[in-house]
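Read the structure below first, then the notes.
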Amino acid sequence: MKTLITVVLSLLMASFGFSQKAINETKKDTTKLEEVIVVSRRKLSNHRQEKTLSSIDDYLEKSNKVTMIKRGNYAWEPTLNNMATERLVVTIDGMQIFGACTDKMDPITSYVDVSNLEKVTIGSGQEGTEHGHSIGGGIDLKLPTSKFNGSGFKSGLDLGYETNGNYKATGLDLTYTGNIFFITTDGIYRKSDNYDAGGNEEILYSQFEKYNISLKSGYKFSQTQHIDANLIYDKATDVGYPALPMDVSLAEALISSLTHYYKPEDKALKSIETKLYFNTITHIMDDTKRPIVPIRMDMPGWSDTYGFYSKAHVIKDKHRLILNLNGFYNKSLAEMTMYSNNPNEPDMFMYTWPDIRTLYSGVFIKDDFHFNDYETLSSSLRLGYHRNKISKAVGVQSLQIFHPEVKDEQDRFLISLASTYQLKKENYDLSFGLGYGERAPSVSEGYGFYLFNNFDNYDYIGNPNLEDEKALEANFNFKQKFNDFEIGITTSYFHIMDYIIGDLAPNVSSMTIGANGVRVNSALDHASIFSTYLNSSYKISERFAINGTLGYNYGKGNNGENLPLIKPISYFAEFNYNTSKFNAALQLDGNGNQSNYSSMYGENETADYAILNLNLGHIFYNKLGKTVLKYGVENILDTNYSTYADWNNFPRQGRNFYVNLSFVFP
Amino acid sequence: MKLKYILPIAFIALFFSCATDDDDNSSIINEVEGLELIQTIANGDQTIELYNEKGFFETGYNHISLRLKDNHTGNYIEDATLSWIPIMQMPTMEHSCPKSAITKALGKDTVYEGFIIYQMTYEDGSGWSLTLNYNINDTDYSVTETISVMQYENQNSASFMGNDDTKYIVALIEPKDPNIAVNTMKVGLFKMENMMTFPVVEDYTITLDPRMPGMGNHSSPNNTDLTYNNADNFYYGDLSLTMTGYWKLNLKLLNENGEVLKGEDVTDENESSSLYLEVEF
């Protein structure tokens with residue numbers, strides 16, 4: 001490990017060292033320098049997506065590296081490199097925001113909608129540490145950039161309907177863009193009844209209803225400076241979770257930010273962006289719709305985050321530098337009240353997150369050094385100070401039941417390092433990267449108290465004394481072009497030390513009625529996660545193309561047990577027909593048999609499956625503007641299936657006809 | 001921000017500095033501050049005042065403070081020796097209950113203290129009387145008065161017959177205000193030698209298994225069995241309570257040789273031990 005840090009540091013130093021030599025070299029083509037190197041970046045453009053009104057979840061699932069864990073038809077949890085929320089850093093335009101549900105029913109991605117965003121930046125592993133420390137990577141949901149192009153009023157209307165679940169979605173957006181001022185507002189409403197799995201099997205408690213409104217405004221007070229204010233309000237009610245014992249009656253978020261941009265002209269310093277933000281989440285679980293429960297309970301949770309970042313872009317000779325100074329303060333509180341079935345006994349109460357305060361401040365430096373037109377060395381470093389405090393004395397005392405040595409405060413110093421060498425030639429691309437990263441345990445991992453996980457059917461107890469989780473990472477990507485045929489491979493390997501996972505507490509009885517027992521968060525000495533994807537595409541003609549992906553993933557702990565939620569062999573094939581006004585795609589999506597499942601963590605062997613989808617799209621132009629029509633059939637063969645990422649193997653949607661209609665008025 | 005802390009301190013400082021200036025012969029210290037008067041028992045020249053935290057007797061452990069007042073001078077007598085005999089009158093017999101000696105309260109001039117463990121009562125609180133014997137300046141006095149003892153809402157004491165044909169009484173003393181934490185549990189264990197004598201039982205072990213019958217009868221981790229402490233003659237152990245609510249503390253009484261005298265293990269088939277105490281918070 002030490003040697004790797006040394007290697008990465010020396011690479012970093014080396015790249016800074018090059019700057020001295022490079023000063024006198026001729027200027028490079030700026031367009032090349034502007035190129036952003038991210039592993040994956042998807043534009044949320046209306047017209048490229050299969051469904052105009054697809055949710056963020058749908059959209060993320062299309063990405064190669066991302067898999068969504070599903071507990072219902074709403075609020076899916078993204079995973080990257082087979083790692084979920086606690087090992088990722090998911091941000092909204094650089095803003096830290098943390099879910100308020102102890103049972104991960106509200107991933108951050110559920111509090112924004114496509115209408116709020118412009119694109120999603122995904123950084124795999126240590127390439128995703130611009131906004132925080134992670135092991136698996138970072139997902140940043142980017143808000144639209146400000147425009148002062150004087151294009152005046154614009155509006156758009158989206159309508160969507162899907163037969164399966166009687167799903168309705170409506171979106172409306174209005175924009176005024178002046179030369180020094182703009183204001184844009186949009187709203188989206190989605191409602192779905194229970195959906196049917198293959199073979200008309202109704203999945204109870206799979207309904208949801210949500211709306212999202214956002215307001216963004218900007219004022220440009222000089223050629224070099226402007227300021228933006230952004231407000232997102234998202235409210236979901238009546239969300240069913242068929243895979244869980246409880247539903248959600250309210251998931252509400254208010255996300256606000258104020259950003260100042262400074263863009264000096266003709267200087268090495270290209271921009272400084274400073275944001276102040278605040279967000280607050282209220283999450284209320286609900287079991288009133290379930291006819292039979294062992295005991296009625298209330299489980300509300302709250303999460304408030306205050307933060308800032310200040311980010312500078314510097315382009316100097318062959319260097320492209322990003323400096324990011326950020327900090328946040330989060331307050332997470334969740335409680336549980338159980339209403340006794342015996343009227344003579346009082347209600348039972350506990351704090352499941354005993355008011356945990358997290359303070360973080362850190363600095364991120366990244367340098368892309370362009371040796372020449374083909375070669376780039378990207379190096380990044382993040383240093384951070386992380387502090388947790390248990391604000392409620394009862395929280396300290398309750399955790400002391402399990403861990404006699406619990407202090408109410410815990411300080412950590414975290415480091416992330418990464419270095420990637422990239423070679424881009426006309427016919428092939430190649431990149432090789434190394435990284436080392438650390439992360440602090442999440443609030444649940446550190447401080448959760450009797451959090452019931454119905455995946456393995458155990459109650460989980462946090463452990464404030466956990467070591468930082470650390471990972472060594474190596475990745476390799478290669479892409480070769482042969483005329484119209486392209487083939488590529490992406491691989492990444494993680495050697496994770498002090499891998500945080502629940503450890504069976506043999507003599508402790510579970511609190512949750514019917515649970516198998518209690519697991520106390522602990523760490524495996526080390527674990528390995530490997531993933532590789534083979535991508536290929538062939539352009540048969542100007543209009544016809546086929547592409548395919550084959551994936552293999554592996555995850556094992558040093559105890560010889562498989563890690564949970566590791567994707568089995570997966571494949572995807574698509575046959576495309578494209579013209580400027582019409583497109584059609586036939587997709588085959590499937591997984592192999594999940595033979596390396598983790599029985600220790602509640603998994604069983606999920607059978608292989610394959611489904612067929614057909615997507616069609618038209619664009620019409622008329623006097624009023626542009627009309628986009630998207631329609632198609634998902635799961636054409638009405639297969640009844642579930643994937644390894646479906647919580648407790650609850651089945652996915654059966655055959656579904658959808659139609660989306662978008663009007664864009666200039 | 002600090003102002004809100006400083007201001008009250010400043011005011012308090014001001015107040016006390018004024019107060020001490022005004023009356024030099026210092027205000028009378030109330031030695032029963034925070035306690036409620038249960039009852040006064042008048043006996044000729046003296047009156048006995050009985051106090052505890054709640055202002056009434058309950059079944060189970062009662063920590064009691066007493067004062068003895070000279071009715072002529074109005075002063076409290078500081079050098080008396082006292083003892084007491086609580087008696088429960090039943091239709092066919094009468095009996096007493098476990099109790100301590102009465103001693104001078106530590107650091108106090110006028111207050112005496114001790115405990116009585118009432119193991120039962122009638123529904124209306126009747127049945128008990130308290131006899132107080134005391135000696136002032138070599139003169140013995142005695143008074144008996146009816147008292148009322150209310151039924152405590154939970155089972156905070158239990159009297160039972162052990163396998164050794166001995167009747168025992170176990171009473172919960174702490175935790176008085178349980179928390180979601182590892183609480184110190186303190187109980188008293190006495191045996192009924194005869195109707196009037198209830199000596200402390202030494203060096204037995206009381207095993208502890210707290211359960212929540214309202215939530216699948218689950219237990220909690222890291223409890224310890226109660227062991228005898230010869231410094232104060234009570235039994236001590238750790239009681240982990242993982243949430244608020246109703247907890248049944250299932251007990252087993254073991255003698256010095258580890259033989260079970262009363263109580264059973266809690267299993268899937270056996271929901272509760274026949275020997276238990278209760279807490280609710």
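Every read-out reported here was derived from the displayed coordinates using simple, explicitly stated rules and does not represent laboratory data. Predicted, not measured: the structure shown is a model, and the values here were computed from it. No Cβ is skipped: glycine too gets one built from the backbone with ideal geometry, and neighbour counts run over all protein chains shown.
For a quick protection proxy, order the peptides A:226-232, A:110-116, B:59-65 by their average other-Cβ count within 10 Å, most packed first.
With the highest mean Cβ count within 10 Å placed first, the list reads A:110-116, B:59-65, A:226-232.
Residues with beta-carbon under 14 Å from that of A:Phe620, excluding A:Phe620: net charge, scoring Lys, Arg +1 and Asp, Glu -1?
+4
Against the longest principal axis of chain B, how steep is helix B:3-22, in degrees 0 to 90 to the nearest 10, with axes from Cα atoms?
50 degrees
I'm a student and want to see the number: the projected area of the Cα convex hull of the protein assembly as shown, averaged over all directions, in nm².
Answer in nm², one decimal: 51.3.
If you filter segment A:304-412 for GluC sites (Glu not before Pro), then keep DSSP loop positions with at most 10 other Cβ within 10 Å, what is left?
Qualifying residues, ordered by number: A:Glu405.
How high is the relative contact order of segment B:157-280, in percent, counting Cα pairs under 8 Å that sit 6 or more residues apart?
24 percent
Return the sequence-ordered ³J(HN,Hα) values of segment A:501-513 in whole Hz as given by the Karplus equation 6.51 cos²θ - 1.76 cosθ + 1.60 applied to θ = phi - 60°, using x for Gly and Pro.
Calculated HN-Hα couplings, in order: 7, x, 10, 4, 9, x, 9, 9, 8, 6, 7, 5, 5 Hz.
How about segment A:524-582: which trypsin sites (Lys or Arg not before Pro) there are in a DSSP loop, with at most 10 other Cβ atoms within 10 Å of their Cβ?
A:Lys581
What does the charge count near A:Glu603 come to, summing +1 for each Lys or Arg and -1 for each Asp or Glu among other residues with Cβ under 13 Å from its Cβ?
Local net charge: -3.
Can you run phi through the Karplus equation (6.51, -1.76, 1.60; θ = phi - 60°) for segment A:373-384 and list ³J(HN,Hα) in whole Hz, with x for Gly and Pro?
Here the 3J(HN,Hα) series is 5, 10, 10, 9, 10, 9, 10, 9, 9, 10, 10, x Hz.
Would you pull out the residues with amide H under 5 Å of A:Glu118's amide H, same chain only if 5 or more places away, H placed 1.01 Å from N?
When sequence neighbours closer than 5 places are left aside, the close amide H contacts are A:Lys142, A:Leu143.
What number comes out for the charge environment of A:Asn547, summing +1 per Lys or Arg and -1 per Asp or Glu over other residues with Cβ under 12 Å away?
Around A:Asn547, the surrounding residues sum to -2.
Can you give me the long-range amide H partners of A:Thr91? Hydrogens built in the peptide plane at 1.01 Å from N, cutoff under 5 Å, separation of 5 or more residues or another chain.
Placed amide hydrogens put A:Ile139, A:Asp140, A:Leu141 under 5 Å from A:Thr91.
Each residue of segment A:528-542 in turn: what ³J(HN,Hα) in whole Hz from Karplus with 6.51, -1.76, 1.60 and θ = phi - 60°, glycine and Pro shown as x?
10, 10, 10, 9, 9, 10, 10, 10, 8, 8, 9, 9, 6, 8, 4
Which trypsin sites (Lys or Arg not before Pro) in segment A:64-166 pass both tests, a DSSP loop state and at most 15 other beta-carbon atoms within 10 Å?
Here the trypsin sites (Lys or Arg not before Pro) that fit, given the DSSP loop and packing criteria, are A:Lys147.
Can you give the average number of partner chain beta-carbon atoms within 10 Å of each beta-carbon in peptide B:207-220, as a whole number?
5
When Cβ neighbours within 10 Å are restricted to other protein chains, what is their mean count per residue of peptide B:244-252?
3
Which whole-number percent is the relative contact order of segment A:2-665 (Cα, under 8 Å, 6+ apart)?
In percent, rounded to a whole number, it is 11.
Using the count of nearby Cβ atoms within 10 Å as a rough guide to exposure, how do B:Met215, A:Met95 rank from fewest to most?
The most exposed by this proxy come first: B:Met215, A:Met95.
Which whole-percent values make up P(r) of chain B when all C-alpha to C-alpha distances are grouped in 10 Å steps starting at zero?
Calculated P(r), rounded to whole percents: 6, 24, 27, 21, 14, 6, 1, 0.
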